[in-house]
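Here the structure is laid out as structure tokens; the discussion comes afterwards.
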Amino acid sequence: MADDMTAPLLSDSEVSANALPSCPFRPTVVILGSGDFSRSLAVRLVGCGVRTVVGTRCVNRIPLGLFPDAVELKSQEEALAASQVECVVFMALFPEHYSSLLRLQSALVGKVLVDVSNAAEINIRGASNAERLAELFPHSLVVKGFNTVSAWDLQTGAHDGSKQVLICGDNTKAKRKVLQLAQDMGFHSVDMGGLSASRNIEVAPLRLFPSWSRPILVTFLLFLFFYGYGFLRGILLPFLAQGHNFFYRLALDLVNESLPAVALVMLALVYLPGLFAALLQLWRGTKYRRFPTWLDSWLQCRKELGLLSFTCAALHGILSICLPLRKVTQYKLINTAYKQVKAGVEEPWDEVGVWRSDLYLSCGVLGLGVLSLLAITSLPSVGNSLNWREFTFVQSGLGYSALMLAIMHTLFFGWDFAFHIEAYSFYMPPSYLIAVALPCTVLVCRCFLLLPCISNRLARIRHGWESRNSCPVLQRHQVVANGTSQDV
Ligand code: NAP
């Protein structure tokens, strides 16, 4: 029994096999440079049990305790001499200083050099830093990588949110070595191909929300439109025509009126490109022809459009909760109560109004709840835990439910006013009626696509069926059968 307790659960051979499933041998890592990146990289490497040597221009300048004790601090020449040929050398210095290492050229022959630098500007003219490094050291094996992780990411440890490390290089063996090292350090390494890909990898950290710019612009323009429309219809024209001063509505009321309109239109914009794509496939009779570029990029930014729609809806919810706190609301309540007392009204109960307001609030809250679920499942960590069927159920099934609830929320709110002539002051319809037009069109189109004759044809197309007019193979067979030329 005592023996059982002292025996390890896994034998030594099992432990090492599990720790390093595909890397029986870890190369020594040399880091040239002792700056921020070098320090963080060294901490991470030592934490993963990799022998790490830092090569610096001046060992004496490095304060005691700056690097972990396990890191060997040497001059650049000694660091390279102390490592085997199979070692991986990280160039943790700025590319402007690469040429200062030319004297180490012979010591770097046959070694894997990892270029971790970022581009100085987004539009790279000529060769990338990694390509220039390869020109400077033609007898070394240059690999680009690790520039997309910051010194901070390196230090936060292997278990604190794994990040992608994009890696490229012309020598497959060298690249594999770096890919494996990144994996061992707890990163998710991605092979991006040959060294020419380094141009894209180098600018990747400089890009500011590349997939967000258009959705943000659309949201901003829609907000501007609805805010401007509301201002004109509800504030400026009444002031000019009747002298009413409603300018107090600018700060909260008008914002809270514009946000749900933007949220609704944005949600419709999430589902509209999918409908266009389906209609295009039906019309073409094939799925093997590319969509136009505008539709392709629209389809790709649906997640961002959806998240921005959720943000606007959530802000609308918060602002609506704040409405009763306003002084204006308090004044209006007291005023209404005073008028009722004066008119002798004792029971101002409005059965239809009560039902309508409850239904309107209930649809709004449910719609926001479903939208929150959509937003959560669009997070990669949550989305990855769903299979394809679950993901499409949430994103499409629940997405259309959210759209329907949002439309019902709007219609319950304004159904009464929509058909009254007073609602069209200055011949302008209320903004919620404008906002609801596109979502209603999307829902109608979706219902049309659900008709069995349409949905069956679409399903066949998506499983690879092609109409005779769209399929070059079928056309060729027909021409051959008709006894004419084989070329079409
Ligand atoms: P840094 O703190 O300024 O360190 C640069 C190091 O380069 C110096 O400490 C110096 O170390 C060394 N060096 C070698 N030859 C040099 C010379 N002739 N003149 C000046 N310095 C020389 O910079 P860093 O932030 O670590 O960045 C280093 C590289 O990593 C850059 O290419 C950067 O783009 C890339 N990078 C950095 C980060 C980050 O978060 N910091 C993230 C991704 C990529 P010795 O004096 O010991 O030789």
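The values are calculated or read from the model by the stated rules, or taken from the named source; none is laboratory data. Since we're looking at a predicted model, the values are computed, not measured. Cβ coordinates were reconstructed from backbone atoms using ideal geometry, including for glycine residues, and neighbour counts include every protein chain displayed. Accessible surface areas use protein heavy atoms only, side chains included; no ligands, DNA or RNA. Shrake-Rupley method; radii C 1.70, N 1.55, O 1.52, S 1.80 Å.
Among the lysines, which have Cα under 30 Å from the Cα of Lys342 when same-chain residues fewer than 8 positions away are ignored?
Within the straight-line limit of under 30 Å, Lys342 reaches these lysines: Lys327, Lys332.
If you fit an axis through the alpha-carbon atoms of helix 172-184 and take the longest principal axis of the Cα set of the chain, what angle between them do you get, 0 to 90°, nearest 10?
70
Please list 263-273, 428-438, 142-152 highest first by mean number of surrounding beta-carbon atoms within 10 Å per residue.
Descending mean neighbour count gives 263-273, 142-152, 428-438.
Lysines within cross-link reach of Lys111: Cα-Cα under 28 Å, excluding same-chain residues under 8 positions apart?
The qualifying lysines are Lys74, Lys144, Lys163, Lys173, Lys175, Lys177.
Can you give the percent of C-alpha pairs in the stretch 163-268 whose distance is more than 21 Å?
Value for the stretch 163-268: 60 percent of Cα pairs lie more than 21 Å apart.
May I ask you to work out the translational diffusion coefficient for the stretch 211-322 at 4 °C, viscosity 1.567 mPa s, via Stokes-Einstein with Rh from the Kirkwood sum over Cα pairs, reported in whole µm²/s?
Diffusion coefficient, whole number: 81 µm²/s.
Helix 213-231: angle to the longest alpha-carbon principal axis of the chain, degrees 0 to 90, nearest 10?
Taking Cα atoms only, the helix is inclined about 20 degrees.
Using the Karplus curve 6.51 cos²θ - 1.76 cosθ + 1.60 with θ = phi - 60°, work out ³J(HN,Hα) for each residue of the stretch 382-391 in order, rounded to whole Hz, and write x for Gly and Pro.
7, x, 5, 7, 9, 7, 4, 5, 5, 5
At what distance in angstrom do the alpha carbon centres of the stretch 198-238 and the stretch 319-382 lie from each other?
Taking the Cα centre of the stretch 319-382 as reference, the centre of the stretch 198-238 is 29 Å away.
At a Cα cut-off below 20 Å, give the aspartates and glutamates reachable from Lys303, other chains included and same-chain residues fewer than 8 away excluded.
Glu390
Rg(Cα) of the stretch 286-374 divided by 2.2 N^0.38 Å?
Compactness ratio reported: 1.83.
Of the heavy-atom accessible surface of the stretch 97-143 (probe 1.4 angstrom), what whole percent is carbon and sulfur?
Answer for the stretch 97-143 is 53 percent, counting heavy atoms of protein chains only.
Hey, what angle do you get for helix 327-343 against the long axis of the chain, alpha-carbon based, 0 to 90 degrees rounded to 10?
That works out to roughly 20 degrees.
Could I get the Rg over Rh figure for the chain? Both from C-alpha atoms, Rh via Kirkwood, rounded to two places.
1.12
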